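Taken together, the values in this text are just the output of simple stated rules run on the coordinates, not laboratory data. Keep in mind that what you see is a predicted model, and the values were worked out from it rather than measured. Backbone-built Cβ (ideal geometry, glycine too); neighbour counts: all protein chains shown.
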Amino acid sequence: DEIREFARGVVESEIEKHAADGLGRVDYALANGGAWVVRHSEAYDVQRGNWFLLNARNGVHHNADKMLKPSFGEPGQCFPLKGSSGFVQIRLRAEIVPEAVTLEHVAKSVAYDRSSAPKDCRISGWLQGSNPNSVIDTEKMFLLTEFTYDLEKSNAQTFNVLNSAGYGVIDTIRFDFTSNHGSPSHTCIYRLRVHGYESDSVSVMAIDS
Amino acid sequence: DEIREFARGVVESEIEKHAADGLGRVDYALANGGAWVVRHSEAYDVQRGNWFLLNARNGVHHNADKMLKPSFGEPGQCFPLKGSSGFVQIRLRAEIVPEAVTLEHVAKSVAYDRSSAPKDCRISGWLQGSNPNSVIDTEKMFLLTEFTYDLEKSNAQTFNVLNSAGYGVIDTIRFDFTSNHGSPSHTCIYRLRVHGYESDSVSVMAIDS
Amino acid sequence: DEIREFARGVVESEIEKHAADGLGRVDYALANGGAWVVRHSEAYDVQRGNWFLLNARNGVHHNADKMLKPSFGEPGQCFPLKGSSGFVQIRLRAEIVPEAVTLEHVAKSVAYDRSSAPKDCRISGWLQGSNPNSVIDTEKMFLLTEFTYDLEKSNAQTFNVLNSAGYGVIDTIRFDFTSNHGSPSHTCIYRLRVHGYESDSVSVMAIDS
Ligand SMILES: [K+]
Ligand SMILES: [K+]
Ligand SMILES: [K+]
C-alpha cells in the first residue's frame, strides 16, 4: 500500500508536468504569450523551392511563429530554414533574467527522418528596448549558451545559461545553428523556449552577483 | 516483478485518464460536442481596452467558446472578462442530470501570472427549453454549487453539485464569479465543464429522491 | 529507492510514448506528414442531412483529413460517413512495407455515445504509383488485415498486417467497414494510422521471404 501510494504520487506529478506543456517551466518565448519572431534566415519549401518572398512580412514568414508554439508530438509542426546553418531572432513577451533555453525537435519514435534537426547551436541575448528592428551594438549582446542537440536524448532538451544574473534583463534572443544532422537542403525548427523570471530588482541582483 | 506490473498498471490508467481530456469524465459543455455560450458579462482586451462591441454576435464574443474548449496546457488559451466579477451562461449539448462542474485555469508551473484566475464562484442551472434567449423565471433556477477556486490545488478543480437528482434535468448553466485572485482589470476563464448523465427516466428519479 | 527509480523509469517511458502521438510509432497516413484521403463513401451531416455535394473536391469532403489527424481526446474530432458500412481510401506519404494499422475512436470515458464506432473492418493495400485516381487491377490489391474494433479495449487499437514483407511496397490503403456499433444513421472515423518502414531493398526482401 505504501508502494501503491508512492507510485501514484510519481505518476501524478509526472503527468502534471507533461500536461503543463511538457516541462512545467514558464516559457517567455511562447507565441501565444506575446513573443514573436523578429527575423530569421531564409525559409525553405520542401515541395516548391523557396516561398520566402511570397509570404513574408518585413522578412518574417507568416508561419514562422510555428517555432514558438507547441507541436503536440506531431511530425511536421516545424518551420524549415534553408540549408544546414541559419538563425532565428525572437522578441520575448517581457524583460526577463534568462535562466535556460529549450530546443525541441520531433520525437524519434514518430519521426520520418531526423536529418533536418539542428546540431551545433548558440544562443545570444540582449535588451533591445522600444525598437525591435533597430541595429544593436554587438557589445550589448551576451552569449547565453552553446550546445549540441543530441538525437539520442529526449526530444525537448534544456540548457542552462552560462551566467544567469550577470546580464541584467534581456528582451530578445538570437538562436544560431551552424550545422544540422545531415540534411543538405534544410533545417527544421520545432520549438524554442526561453525560461527565466521577471524581476523589479534586477540591477541590485546584477551588482550582487 | 509484481511491483513492476503494478506500477505499469497505475501509469497506464493515469495516462489513459490524462489522454481522455485530463479527467476521463464526459463534458456536456464542450463546444465541439454542441454546447455554446449564450451570454456573458463584458469582455476585456488587455492591449486595446474593450473589443466587445466590434466582434459580438447577439452580445456573445466570437472567441467566447474558448471557455468550452481544451487549453492543452498553454497559457493564454482563455477568454478574458472585464473586472473581478462577471458571468457566463452556457447552453449544454443535451438535457442532463447534473453531477459536477469543473473549472480549469492554467497550470501554476507555466503561468506568467495567475492573479486573473476566478476565486469565489457559483453555478446555477435550469431547463431553458426551446428558446435559449428567453427570460426564465428565477423560481426555476437551481443553485448547483458554490466554491472557491484554489490556486494551490490542481489546475482543473471539480465540484459536485449539491443535490444531483433533485432538480430533474437541466440544459443551461450560469457561472457567476464574484471575485478573482487579484487582477483589478480582468478575469480569465480557461475552461468550464459540466458532468452528469442523460436520462429517459428523470421524472421517476426526481420523485424517488 | 530502487523502487522509486524503477517507478520513475516506467512513468517516463510511458509518458514519452504518450507524448509521441500516443503510440510512439511512425504514422505514414498522417495528414500533416503528406498523406491524404483519395476517396471515401458518402459523408453524413448529423444536423442537416447530407452536405457531401456542397463541400467536396473530386468527391472528397474538405473535412475528410480529420481521419488522418490527432484527436487529442476530444469527442467530435472525427469524420462521419453515412450508414453502418462504408470506406476510405488513403494515399500514404511514401512507399512503405506495411507492418500494422491503428484504428482510433474516442475514449469511452469522455464519449457521449459510441454507437457510431466502426465494428467489422478490413484493410487492403496496393502500389498505386503516379496516378492516385486511376483504377487499379484488383489482382494487385492485397488484404492486409481484417479485425473487429472492440469498444471495451483501449481507444487506439493496433492490428498487425498478415504478411508484412510479402507484398513489396505499397503507397495506398483502403479501409472498409461492414458494420458499426449500432448507429443506423452514420459511422464516425476518428483516426486511421498506417505503420511500416521505407526500404530501398524491398525487392530483395520480398524474394527472401
Ligand atoms: K511547433
Ligand atoms: K480553453
Ligand atoms: K481526428
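Just a few scattered comments:
- Rounded FRET efficiency, nearest 0.05, which uses the C-beta distance separating B:SER199 from B:THR138 and R0 of 22 Å: 0.35
- Under 14 Å from the Cα of B:LYS82 - aspartates and glutamates, other chains or at least 8 residues apart: B:GLU42, B:ASP45, B:ASP176
- Gain on full stretching of the segment that runs from A:SER179 to A:LYS153 - 0.36 nm per residue minus C-alpha separation: 7.6 nm
- Separation of the alpha carbons by more than 21 angstrom is noted, of A:LYS69/B:LYS108; A:LYS108/C:LYS69; A:LYS66/C:LYS69; B:LYS17/C:LYS153; B:LYS119/B:LYS140; C:LYS108/C:LYS153, for B:LYS119/B:LYS140.
- Distance between segment A:118-155 and segment C:86-160 - C-alpha centres, whole angstrom: 45 Å
- Summed side-chain charge close to A:ARG191 - residues other than A:ARG191 whose Cβ falls under 14 Å, Lys, Arg +1, Asp, Glu -1: -2
- Residue-by-residue Karplus 3J(HN,Hα) for segment B:119-127, coefficients 6.51, -1.76, 1.60, Hz, glycine and proline x: 10, 8, 10, 9, 10, 10, x, 7, 9
- The amide H of C:LEU127, built 1.01 Å from its N in the peptide plane, has C:ASP171 as neighbours under 5 Å, considering only residues 5 or more places off or on other chains.
- Percent RCO, i.e. relative contact order, over chain C, from Cα pairs under 8 Å lying at least 6 residues apart: 30 percent
- Taking a ≥ b ≥ c as the square roots of the Cα gyration tensor eigenvalues, chain A comes out oblate, since a/c reaches at least 1.5 and a/b does not exceed b/c.
- Phi angles across segment A:96-105 convert, under the Karplus curve 6.51 cos²θ - 1.76 cosθ + 1.60 with θ = phi - 60°, into 3J(HN,Hα) values of 9, 8, x, 10, 6, 10, 10, 10, 10, 10 Hz, Gly and Pro given as x.
- Here the 3J(HN,Hα) profile of segment A:22-33, calculated from phi with Karplus coefficients 6.51, -1.76 and 1.60 at θ = phi - 60°, is x, 10, x, 10, 4, 10, 7, 10, 5, 4, 5, x Hz, Gly and Pro shown as x.
- For B:GLU12, inter-copy label distances in nm, listed shortest first [label point 7 Å out on the Cα-Cβ vector]: 2.2, 2.2
- Evaluating kT/(6 pi eta Rh) at 37 °C and 0.692 mPa s, with the Kirkwood radius of the protein assembly as shown over Cα pairs in the Stokes-Einstein relation, gives 122 µm² s⁻¹.
- Isolated cysteines in the protein assembly as shown, defined as those with no second cysteine Cβ under 4.7 Å, comprise A:CYS121, B:CYS121, C:CYS121.
- Computed over the alpha-carbon atoms, segment B:104-156 gives an Rg to Rh ratio of 1.16, Rh here being the Kirkwood radius from the mean inverse distance.
- Label-point distances for B:ARG39 to the equivalent site in the other copies, using a point 7 angstrom along Cα→C-beta, read 5.3, 5.3 nm when ranked shortest first.
- Cβ-based net charge around A:VAL135, under 14 Å, with every Lys or Arg adding one and every Asp or Glu removing one: +1
- Copy-to-copy label separations for A:SER85, where each label sits 7 Å from Cα toward Cβ, in nm and ascending: 6.3, 6.3
- Highest-fluctuation residue, A:SER199, A:SER13, A:SER179 considered, GNM on chain A with Cα pairs under 10 Å: A:SER13
- Proximal charge balance of B:GLU99 [Cβ under 12 Å; K/R count +1, D/E count -1]: 0
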